[in-house]
Amino acid sequence: MGGNYSAMDPMDVSVPDLAKLFERDGYLKPYEREIRRRYGCFKDLWERIETWDGGLDAFTTGYRYFGPQFNSDGSVTWREWAPGAHTLHLQGEFNGWNSKSHPFKKLEYGKWELHIPAVAGGYALKHGSRVQLIVNEHLYRVSPWASYVKPFEGFTYQQFIYKPEQPYQFKHPKVDRPKSLRIYESHVGIATPEGRVGTYTEFKDNVLPRIKKQGYNAIQLMAIMEHAYYASFGYQVTSFFAASSRYGTPCELKQLIDRAHEMGLYVLLDVVHSHASKNTLDGLNEFDGTNACYFHDGPRGTHTLWDSRLFNYSETEVLRFLLSNLRWYQEEYQFDGFRFDGVTSMLYHSRGIGQGFSGHYDEYYGLNVDTEALVYLMLANELVHKLDHRAITIAEDVSGMPASGRPVREGGTGFDYRLGMAIPDMWIKLLKEERDEDWKMGYIVHTLTNRRWMEGTVAYAESHDQALVGDKTIAFWLMDAAMYSHMSTLSEPSAVVERGLALHCIIRLITHALGGEAYLNFIGNEFGHPEWLDFPRAGNNSSYHYARRQWNLVDDELLKYKFLNEFDRDMNMLEEKHGWLRSDPGFVSCKHEGDKVIAFERAGLLFVFNFHPSQSFTDYRVGVNVSGKYQAVLCSDSKKYGGFGRIEPEGEFHLTQNIPWGNRNDSIQVYIPCRTAIVYARSD
């Protein structure tokens, strides 16, 4: 979450007030009136949809009406929404590519319909056959509702009928919603060590076991919605209902998800409803021959930085399309929840471009807010949770919109979590611009704790954004060239690598323990994956060299990557045991600028961090609220993690001394070496 507002902002909307807002009469503050107005817009639209033919259920299952519908008598009914089109035809292998033989009939409200009779042996449209829409007799298009598309004769994607005789049947139910959400952000294509595109099956067989062993309980799959340009990282979607064919078939994706559920892993989809690719031949852009259709016309319909199209959320058929898209992935593919990309761009007419968010309420309740997009997000969240009470939704929003993490019934946007986007920005800024001895403990603590009360935050030290070419991972910022020469356990000691291993562990642990109510890691970063991430493109001679994950490095017992991997696993396992993510935020009792020490309690554990590059402390007094006997249960300096072994877990005990300290009822004295993090648990 971006913005520099205080977590204790006295103007902030308190949950009890928000919940009772709709029952109050008389004077309302401006932001309260705006919350009520927005909720009114949502409620009116939701109720209006319910009155339409078939109600909400029919409205959100547009994939059962549009596109090819295979009838029980062997015929096929194909419908499209193309309000600006003059004519619409279908050609394909089924009719010998005759561009005139199968015209659509124009219906009301911009809809078109085609009926294809049954043929000997069943459906005229066979599984695996190629088809193509023709708009206005000269524009070749892919159906927006296409469920399977592949490149054909070059880079352009075309639609193929996907109706196997024996479609994959799920064997395992969706898993329960994790109480402590630990997310492994994943990209199927880069998940192999070879320089090529990985597959759903390889990810299922080779990567899921790693994720489970590592202590994560959720995966977030990126770049699943089909995107013609691989280097867009999946964020320039061309076919919204088609799972990317570059990794395999829809059935193989279903097998991956089913296997994840069998292993107890919750599966999130990275969904892109904030914008769409500008492609016309294989995308939504200009589908009906006009500049509008699914998007706003004019400047409002184009994102100037992303060079992509922006949806018109006030259009009924756009709402049907997007809401049906969410339901499609929930029901067809059994995804458990969603991470919504680009929410800031949706929320504001400025798209967030060049805009800083200070936290002043005028930024969130003024005319810059795009009410239509906000109401769509409220509809989406309400629908997703209505269909599945276990569903989790996460907002990628840098602005810190108040109440976005509260239920719609309270006037919120309905997300369960927002990404704590200021946290990775802080770590990269410190690593790039400041010496270790100049790091400010107060700044670190403020950034990690600066979130709205009772609105869940996903904390992360780095995600895919920090791994991309042009930036560096935390491991690369810390160790850079030394990663090529001194990561062997047989090489001579390196101060650079020693610092890198220590800070890599410390940064992750304090982010995990203090930064939010959920945690996220990007695939491979847990073991300090070297180098950056760069997809094949013209600028790198279409190379796959950096579009892969080098699992061989962490599997090699002679390399130090194993140390970071082991710490990451033990950190997750400790959270699983004690559950700090599902506990109240930590109480910070110490943030000493001179000593570079931070201490806090959360979930009954005591966390002590010494960021000082050279100063260790003996008998360092730290406050605790509960008296008793404390013992170290995790220490980043353990030899198990490549440290010096100055403190090993399960070592000596520390008894509280009946001395209040740091606004806590009691205290203990501990030895805290430089560049070390220690977690203590009560052992009595």
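Restricting attention to the range 345-360, report how many residues are aliphatic (A, V, I, L, M) and open to solvent by 20 Å² or more (accessible area, probe 1.4 Å).
Total satisfying the criteria: 1.
If we keep just the residues of the range 125-154 that are in a loop (DSSP other than H, G, I, E, B), surrounded by fewer than 19 Cβ atoms within 10 Å (Cβ to Cβ) and touching a residue at least 24 places away in the same chain (Cβ under 8 Å), which is farthest from the chain's Cα centre (by Cα)?
Looking at residues that are in a loop (DSSP other than H, G, I, E, B), surrounded by fewer than 19 Cβ atoms within 10 Å (Cβ to Cβ) and touching a residue at least 24 places away in the same chain (Cβ under 8 Å), I get 137.
Which ones in the range 38-70 are assigned to a loop (DSSP other than H, G, I, E, B) and either within 22 Å of residue 242 (Cβ to Cβ) or open to solvent by less than 10 Å² (accessible area, probe 1.4 Å) (or both)?
60, 61, 65, 66
Taking residue 99 as the residue in question, decide whether it is more than 29 Å from residue 332 (Cα to Cα), modelled with pLDDT of 85 or more and not assigned by the TED database to the domain that holds residue 321.
yes
Which condition from (1) of a type in the set (Asp, Glu); (2) open to solvent by less than 40 Å² (accessible area, probe 1.4 Å); (3) assigned to a loop (DSSP other than H, G, I, E, B) is the one that residue 270 breaks?
(3)
The rows are residues; the columns are (1) over 18 Å from residue 183 (Cβ atoms); (2) over 19 Å from the mean Cα position of the chain (by Cα).
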{"position": "514", "(1), (2)": "no, yes"}
{"position": "521", "(1), (2)": "no, no"}
{"position": "531", "(1), (2)": "yes, yes"}
{"position": "540", "(1), (2)": "yes, yes"}
{"position": "554", "(1), (2)": "yes, yes"}
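Looking only at the range 437-451, how many residues end up being open to solvent by less than 10 Å² (accessible area, probe 1.4 Å) and part of a loop (DSSP other than H, G, I, E, B)?
Of the residues in the range 437-451, 1 are open to solvent by less than 10 Å² (accessible area, probe 1.4 Å) and part of a loop (DSSP other than H, G, I, E, B).
Can you tell me which residues in the range 211-235 are among the small types (Gly, Ala, Ser) and either farther than 15 Å from residue 274 by Cα or crowded, with 19+ Cβ neighbours inside 10 Å (or both)?
Selection gives 215, 218, 223, 228, 231, 234.
Have a look at 645, 651 and point out the one that is without any contact (Cβ under 8 Å) to a residue 24 or more places away in the chain, open to solvent by less than 50 Å² (accessible area, probe 1.4 Å) and over 22 Å from residue 500 (Cα atoms).
651
Restricting to the range 610-631, and then to whatever is closer than 28 Å to residue 435 by Cβ and either part of a strand (DSSP E or B) or free of Cβ contacts under 8 Å to residues at least 40 places away in the same chain (or both), can you tell me which residue is nearest to the chain's Cα centre (by Cα)?
Restricting to residues being closer than 28 Å to residue 435 by Cβ and either part of a strand (DSSP E or B) or free of Cβ contacts under 8 Å to residues at least 40 places away in the same chain (or both), the top hit is 610.
For the condition in contact with a strand residue (DSSP E or B) (Cβ under 7 Å, 6 or more places away or on another chain), within 22 Å of residue 572 (Cβ to Cβ) and open to solvent by 30 Å² or more (accessible area, probe 1.4 Å), what is the one hit in 608, 633?
633
Being more than 18 Å from residue 564 (Cβ to Cβ) and part of a loop (DSSP other than H, G, I, E, B) is the filter here; which residues of the range 649-671 pass it?
Across the range 649-671, the qualifying residues are 650, 651, 652, 656, 657, 658, 659, 660, 662, 663, 665.
Is the range 162-176 home to any residue that is free of Cβ contacts under 8 Å to residues at least 24 places away in the same chain and either loosely packed, with under 15 Cβ neighbours inside 10 Å or not assigned by the TED database to the domain that holds residue 223 (or both)?
Yes, the conditions are met somewhere in the range 162-176.
Applying the selection to the range 500-553, what residues are more than 23 Å from residue 580 (Cβ to Cβ) and in contact with a Lys or Arg (Cβ under 7 Å, 6 or more places away or on another chain)?
501, 523, 524, 529, 532, 544
Restricting to the range 361-380, and then to whatever is among the acidic types (Asp, Glu) and outside any loop (DSSP other than H, G, I, E, B), can you tell me which residue is surrounded by the most Cβ atoms within 10 Å (Cβ to Cβ)?
Going through the qualifying residues, I end up with 363.
Can you list the helices (runs of 4 or more DSSP H) found entirely within the range 453-557 that contain at least 2 residues being among the basic types (Lys, Arg) and at pLDDT 95 or above?
Ranges flagged: 495-514.
From the list 668, 672, pick out the single residue that is surrounded by 14 or more Cβ atoms within 10 Å (Cβ to Cβ), under 20 Å from residue 615 (Cβ atoms), in contact with a Leu (Cβ under 8 Å, 6 or more places away or on another chain) and in contact (Cβ under 8 Å) with a residue 24 or more places away in the chain.
668
Of the residues 433, 410, 455, only one is free of Cβ contacts under 8 Å to residues at least 12 places away in the same chain and either open to solvent by 40 Å² or more (accessible area, probe 1.4 Å) or not aliphatic (A, V, I, L, M) (or both); which?
433
Give me the pairs: first residue in the range 356-380 and in contact (Cβ under 8 Å) with a residue 40 or more places away in the chain and closer than 29 Å to residue 324 by Cβ, second residue charged (D, E, K, R) and surrounded by fewer than 18 Cβ atoms within 10 Å (Cβ to Cβ), beta-carbon distance under 9 Å, and six or more apart or on different chains, which are they?
From the range 356-380, the pairs are 371/37.
Just one of (1) open to solvent by 10 Å² or more (accessible area, probe 1.4 Å); (2) assigned to a strand (DSSP E or B) trips up residue 206, so point out which.
(2)
So that you can scan it fast, the table gives a plain yes or no per residue for (1) out of contact with any Leu (no Cβ under 6 Å at 6 or more places or on another chain); (2) assigned by the TED database to the domain that holds residue 421; (3) open to solvent by 20 Å² or more (accessible area, probe 1.4 Å); (4) closer than 21 Å to residue 444 by Cβ:
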{"residue": "506", "(1), (2), (3), (4)": "yes, yes, no, yes"}
{"residue": "518", "(1), (2), (3), (4)": "no, yes, no, yes"}
{"residue": "530", "(1), (2), (3), (4)": "yes, yes, no, no"}
{"residue": "552", "(1), (2), (3), (4)": "yes, yes, yes, no"}
{"residue": "569", "(1), (2), (3), (4)": "yes, yes, yes, no"}
{"residue": "573", "(1), (2), (3), (4)": "yes, yes, yes, no"}
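Quick test of your reading of the structure: residue 682 fulfils all but one of (1) under 29 Å from residue 561 (Cα atoms); (2) under 37 Å from the mean Cα position of the chain (by Cα). Name the failing condition by number.
Going through the list (1) under 29 Å from residue 561 (Cα atoms); (2) under 37 Å from the mean Cα position of the chain (by Cα), residue 682 breaks only (1).
Quickly run through the range 236-267 and pick out the residues that are open to solvent by 20 Å² or more (accessible area, probe 1.4 Å) and touching a Leu at 6+ places or on another chain (Cβ under 8 Å).
Matches in the range 236-267: 259, 263.
The values are calculated or read from the model by the stated rules, or taken from the named source; none is laboratory data. All of these numbers come straight from a predicted model, not from anything done at the bench. Note that each Cβ is placed from the backbone with ideal geometry, even for glycine, and that neighbours are counted across all protein chains shown. Just so you know, the surface numbers come from the protein's heavy atoms only, side chains and all, with ligands and any DNA or RNA stripped out. Shrake-Rupley method; radii C 1.70, N 1.55, O 1.52, S 1.80 Å.
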